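See below for the structure under consideration.
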Amino acid sequence: ATRLDNAIKQQLFIRHKDQIVARRHYWIDTDPLPTWRAALPELEPKALDMLITRFRTLLDAVPFADVHPTLEQLRESYALGVLTNGPRPESVLQRLGFTQYFDAIVTVFGDTKKPAVAAFELALEEIGSDPATTVYVGTSLLTDIQGALSAGLMPIWVDRFSDSYPLPDGAHRIEKLTELPGLLAKLSD
(Lines give C-alpha, C1' and ligand atoms only; values in the text may rest on other atoms or scores of the structure.)
Protein backbone atom coordinates (compact mmCIF):
# COMPACT_ATOMS: atom_id res chain seq x y z
CA ALA A 1 0.00 0.00 0.00
CA THR A 2 2.89 2.40 0.70
CA ARG A 3 4.24 2.11 -2.85
CA LEU A 4 0.74 2.76 -4.24
CA ASP A 5 0.22 5.70 -1.88
CA ASN A 6 3.51 7.27 -2.97
CA ALA A 7 2.76 6.72 -6.66
CA ILE A 8 -0.67 8.32 -6.31
CA LYS A 9 0.67 11.24 -4.27
CA GLN A 10 3.15 11.99 -7.05
CA GLN A 11 0.20 12.32 -9.45
CA LEU A 12 -2.18 14.19 -7.19
CA PHE A 13 -0.41 17.47 -6.57
CA ILE A 14 1.77 19.91 -8.45
CA ARG A 15 3.95 21.91 -6.12
CA HIS A 16 5.56 25.27 -6.83
CA LYS A 17 7.78 26.89 -4.20
CA ASP A 18 6.53 24.39 -1.59
CA GLN A 19 2.86 25.18 -2.25
CA ILE A 20 0.31 22.95 -3.90
CA VAL A 21 -0.73 24.93 -6.97
CA ALA A 22 -2.81 22.32 -8.78
CA ARG A 23 -4.48 19.03 -8.05
CA ARG A 24 -3.86 16.53 -10.84
CA HIS A 25 -6.17 13.77 -9.70
CA TYR A 26 -7.64 13.61 -13.20
CA TRP A 27 -4.30 12.39 -14.58
CA ILE A 28 -4.73 9.16 -12.65
CA ASP A 29 -7.81 8.64 -14.84
CA THR A 30 -6.54 10.06 -18.15
CA ASP A 31 -3.04 8.57 -17.94
CA PRO A 32 -3.02 5.98 -15.13
CA LEU A 33 -0.24 3.83 -16.55
CA PRO A 34 2.70 5.63 -14.84
CA THR A 35 0.99 5.54 -11.44
CA TRP A 36 0.06 1.87 -11.60
CA ARG A 37 3.38 0.84 -13.15
CA ALA A 38 5.23 2.61 -10.31
CA ALA A 39 2.96 1.04 -7.70
CA LEU A 40 2.99 -2.47 -9.18
CA PRO A 41 6.14 -2.84 -11.28
CA GLU A 42 5.98 -6.66 -11.32
CA LEU A 43 2.48 -6.76 -12.84
CA GLU A 44 2.19 -8.29 -16.32
CA PRO A 45 1.05 -5.89 -19.11
CA LYS A 46 -2.26 -7.76 -19.65
CA ALA A 47 -3.10 -7.65 -15.94
CA LEU A 48 -2.10 -3.97 -15.85
CA ASP A 49 -4.49 -3.24 -18.74
CA MET A 50 -7.30 -5.04 -16.91
CA LEU A 51 -6.57 -3.08 -13.72
CA ILE A 52 -6.61 0.25 -15.58
CA THR A 53 -9.88 -0.62 -17.34
CA ARG A 54 -11.51 -1.53 -14.03
CA PHE A 55 -10.09 1.58 -12.34
CA ARG A 56 -11.51 3.84 -15.07
CA THR A 57 -14.98 2.35 -14.66
CA LEU A 58 -14.88 3.01 -10.92
CA LEU A 59 -13.41 6.51 -11.14
CA ASP A 60 -15.89 8.56 -13.12
CA ALA A 61 -15.86 12.32 -12.79
CA VAL A 62 -19.06 14.05 -11.80
CA PRO A 63 -19.55 17.81 -11.92
CA PHE A 64 -19.99 19.94 -8.83
CA ALA A 65 -23.69 20.77 -8.30
CA ASP A 66 -23.16 24.45 -9.11
CA VAL A 67 -21.67 23.93 -12.58
CA HIS A 68 -24.78 23.36 -14.75
CA PRO A 69 -26.89 26.20 -13.28
CA THR A 70 -23.99 28.64 -13.42
CA LEU A 71 -23.11 27.77 -17.01
CA GLU A 72 -26.79 28.10 -17.93
CA GLN A 73 -26.87 31.56 -16.39
CA LEU A 74 -23.57 32.68 -17.95
CA ARG A 75 -24.53 31.36 -21.39
CA GLU A 76 -27.27 34.00 -21.60
CA SER A 77 -24.78 36.90 -21.50
CA TYR A 78 -21.31 35.65 -22.41
CA ALA A 79 -19.44 33.66 -25.03
CA LEU A 80 -17.96 30.66 -23.24
CA GLY A 81 -15.01 28.49 -24.14
CA VAL A 82 -12.88 25.68 -22.80
CA LEU A 83 -9.08 25.65 -22.92
CA THR A 84 -7.53 22.38 -21.81
CA ASN A 85 -4.27 20.47 -21.79
CA GLY A 86 -6.27 17.28 -21.30
CA PRO A 87 -7.04 14.71 -23.94
CA ARG A 88 -10.51 14.11 -25.41
CA PRO A 89 -12.30 17.19 -24.01
CA GLU A 90 -15.28 16.86 -26.37
CA SER A 91 -16.10 13.34 -25.17
CA VAL A 92 -15.69 14.34 -21.51
CA LEU A 93 -17.85 17.45 -21.93
CA GLN A 94 -20.47 15.44 -23.80
CA ARG A 95 -20.56 12.74 -21.13
CA LEU A 96 -20.98 15.40 -18.42
CA GLY A 97 -23.66 17.25 -20.41
CA PHE A 98 -21.69 20.49 -20.95
CA THR A 99 -21.16 20.76 -24.71
CA GLN A 100 -24.18 22.98 -25.33
CA TYR A 101 -22.72 25.74 -23.15
CA PHE A 102 -19.50 26.34 -25.08
CA ASP A 103 -18.80 28.31 -28.22
CA ALA A 104 -15.25 26.97 -28.47
CA ILE A 105 -13.32 23.96 -27.17
CA VAL A 106 -9.56 24.27 -27.55
CA THR A 107 -7.09 21.53 -26.71
CA VAL A 108 -3.39 22.42 -26.58
CA PHE A 109 -0.40 20.11 -26.71
CA GLY A 110 3.39 20.23 -26.41
CA ASP A 111 4.94 23.68 -26.33
CA THR A 112 1.54 25.35 -26.55
CA LYS A 113 0.19 23.72 -23.36
CA LYS A 114 -1.02 25.98 -20.55
CA PRO A 115 0.52 28.04 -19.00
CA ALA A 116 2.14 29.03 -22.32
CA VAL A 117 0.84 32.33 -23.67
CA ALA A 118 0.34 30.60 -27.04
CA ALA A 119 -2.36 28.39 -25.49
CA PHE A 120 -4.40 31.38 -24.42
CA GLU A 121 -3.85 33.11 -27.76
CA LEU A 122 -5.27 30.06 -29.55
CA ALA A 123 -8.34 30.12 -27.32
CA LEU A 124 -8.82 33.86 -27.83
CA GLU A 125 -8.59 33.42 -31.58
CA GLU A 126 -11.06 30.53 -31.55
CA ILE A 127 -13.65 32.39 -29.49
CA GLY A 128 -12.98 35.72 -31.24
CA SER A 129 -12.13 37.69 -28.13
CA ASP A 130 -9.60 40.28 -27.04
CA PRO A 131 -7.41 39.53 -23.98
CA ALA A 132 -8.24 42.86 -22.32
CA THR A 133 -11.97 42.01 -22.31
CA THR A 134 -11.68 38.31 -21.53
CA VAL A 135 -12.01 36.60 -18.18
CA TYR A 136 -10.38 33.22 -17.67
CA VAL A 137 -11.75 30.96 -14.93
CA GLY A 138 -9.59 28.10 -13.70
CA THR A 139 -8.64 25.89 -10.79
CA SER A 140 -4.84 25.82 -11.10
CA LEU A 141 -2.77 28.73 -9.83
CA LEU A 142 0.11 27.80 -12.09
CA THR A 143 -1.39 26.68 -15.39
CA ASP A 144 -4.61 28.69 -15.33
CA ILE A 145 -4.11 31.83 -13.27
CA GLN A 146 -0.44 32.58 -14.01
CA GLY A 147 -0.92 31.59 -17.64
CA ALA A 148 -3.95 33.84 -18.09
CA LEU A 149 -2.15 36.75 -16.44
CA SER A 150 0.84 36.29 -18.74
CA ALA A 151 -1.50 36.36 -21.75
CA GLY A 152 -3.20 39.57 -20.60
CA LEU A 153 -6.51 38.04 -19.51
CA MET A 154 -8.26 38.64 -16.18
CA PRO A 155 -8.02 35.36 -14.25
CA ILE A 156 -10.47 34.12 -11.66
CA TRP A 157 -9.33 31.24 -9.48
CA VAL A 158 -11.98 28.77 -8.34
CA ASP A 159 -10.54 27.85 -4.94
CA ARG A 160 -12.96 25.04 -4.08
CA PHE A 161 -10.67 23.69 -1.36
CA SER A 162 -10.18 27.01 0.47
CA ASP A 163 -6.43 26.78 0.00
CA SER A 164 -6.18 30.55 0.46
CA TYR A 165 -2.81 30.88 -1.24
CA PRO A 166 -1.83 34.45 -1.99
CA LEU A 167 -3.25 35.59 -5.31
CA PRO A 168 -1.06 37.28 -7.89
CA ASP A 169 -1.92 40.92 -8.60
CA GLY A 170 -4.75 41.17 -11.10
CA ALA A 171 -6.33 37.82 -10.20
CA HIS A 172 -9.59 37.19 -8.34
CA ARG A 173 -10.74 34.30 -6.17
CA ILE A 174 -14.09 32.56 -5.73
CA GLU A 175 -14.86 29.40 -3.79
CA LYS A 176 -18.02 28.36 -5.64
CA LEU A 177 -18.92 28.78 -9.27
CA THR A 178 -22.21 30.38 -8.20
CA GLU A 179 -20.14 33.41 -7.12
CA LEU A 180 -18.95 33.97 -10.71
CA PRO A 181 -21.94 35.85 -12.20
CA GLY A 182 -21.91 38.34 -9.32
CA LEU A 183 -18.17 38.87 -9.58
CA LEU A 184 -18.43 39.39 -13.36
CA ALA A 185 -21.20 41.97 -12.84
CA LYS A 186 -19.08 43.75 -10.20
CA LEU A 187 -16.01 43.75 -12.46
CA SER A 188 -17.95 45.19 -15.40
CA ASP A 189 -19.16 48.21 -13.36
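The values are calculated or read from the model by the stated rules, or taken from the named source; none is laboratory data. It should be emphasised that the depicted structure is a prediction, and the values quoted were computed from it without experimental measurement. No Cβ is skipped: glycine too gets one built from the backbone with ideal geometry, and neighbour counts run over all protein chains shown. The protein model used for the area step is the full one, side chains on, heavy atoms only, and it has no ligands, DNA or RNA in it. Shrake-Rupley method; radii C 1.70, N 1.55, O 1.52, S 1.80 Å.
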Among THR107, ILE145, ALA118 - extreme Cα towards positive end, dipole of segment 104-149, charges at beta-carbon: ILE145
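Given a 1.4 Å probe, how much area per residue of segment 64-189 is accessible, in Å²?
Numbers: 6740 Å² over 126 residues.
I get 53 Å² per residue for segment 64-189.
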Amide proton proximity set for THR139, modelled H, under 5 Å, gap of 5+: VAL158
Cα Rg, Dmax (largest Cα-Cα span) when computed across segment 108-189, Å: 12.5, 38
Protein accessible area in segment 66-189, 1.4 Å probe - carbon and sulfur %: 51
Using θ = phi - 60° and Karplus 6.51 cos²θ - 1.76 cosθ + 1.60, couplings along segment 136-145 (whole Hz; Gly, Pro as x): 10, 10, x, 10, 10, 4, 7, 6, 8, 6
